[in-house]
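Encoded as structure tokens, the structure appears first; notes follow it.
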Amino acid sequence: MTAAGDLSRRLVLQAPAETDDGEGGVARSYAAVATLWAQVVPLSSGAEVAADNLGAALRYRIVIRFRDDVTTRHQFQDGTAIYRIVAARPSADRCFLEIDAEVRED
């Protein structure tokens with residue numbers, strides 16, 4: 001059970017911003033939406049191959065106060081670390097949002 005006092009890390013919630021690249025496609029960047037208090041708990045890690053590069057995917061559970069605008073298209077930034085959101089679900093009492101996220105390390 002998470003309590004409000006457990007939210008001790010400041011993370012920046014970022015949303016994707018797509019712009020026309022001038023060649024029929026889009027260029028994606030991320031823009032800050034909010035700075036939030038969060039609890040970040042490491043879960044597991046594993047090696048994986050992405051684009052022929054061996055790297056590690058570190059899994060985390062992130063808990064923030066409930067908000068209904070966070071999707072898997074968003075990400076969190078903590079300094080140089082980028083947490084990619086894999087799944088998000090409200091807690092049973094809808095006070096918190098529990099997020100499965102991963103960080104890729106190459």
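The values are calculated or read from the model by the stated rules, or taken from the named source; none is laboratory data. Keep in mind it's a predicted model, so treat the numbers as computed, not measured. Neighbour counts run over all protein chains shown; Cβ positions are idealised from the backbone, glycine included. Heavy atoms of the whole protein, side chains included, go into the accessibility calculation; ligands, DNA and RNA do not. Shrake-Rupley method; radii C 1.70, N 1.55, O 1.52, S 1.80 Å.
Brief remarks on what is shown
- Accessible-area composition of the chain, carbon plus sulfur, in percent [1.4 Å probe]: 49 percent
- Most to least packed among 17-28, 91-102, 69-80 [average Cβ atoms within 10 Å]: 91-102, 69-80, 17-28
- When the Cα atoms of the chain are aligned to their principal axes, the ranges along those axes come out at 48, 31, 24 Å in descending order.
- Accessible area per residue for the chain is 61 Å², calculated with a 1.4 Å probe on protein heavy atoms, without ligands, DNA or RNA.
- In a simple Cβ point-charge model (Lys, Arg +1; Asp, Glu -1; nothing else charged), the chain has a dipole of about 540 debye relative to its Cα centre.
- Fully extended contour minus Cα-Cα distance, from THR35 to CYS95, at 0.36 nm per residue: 19.8 nm
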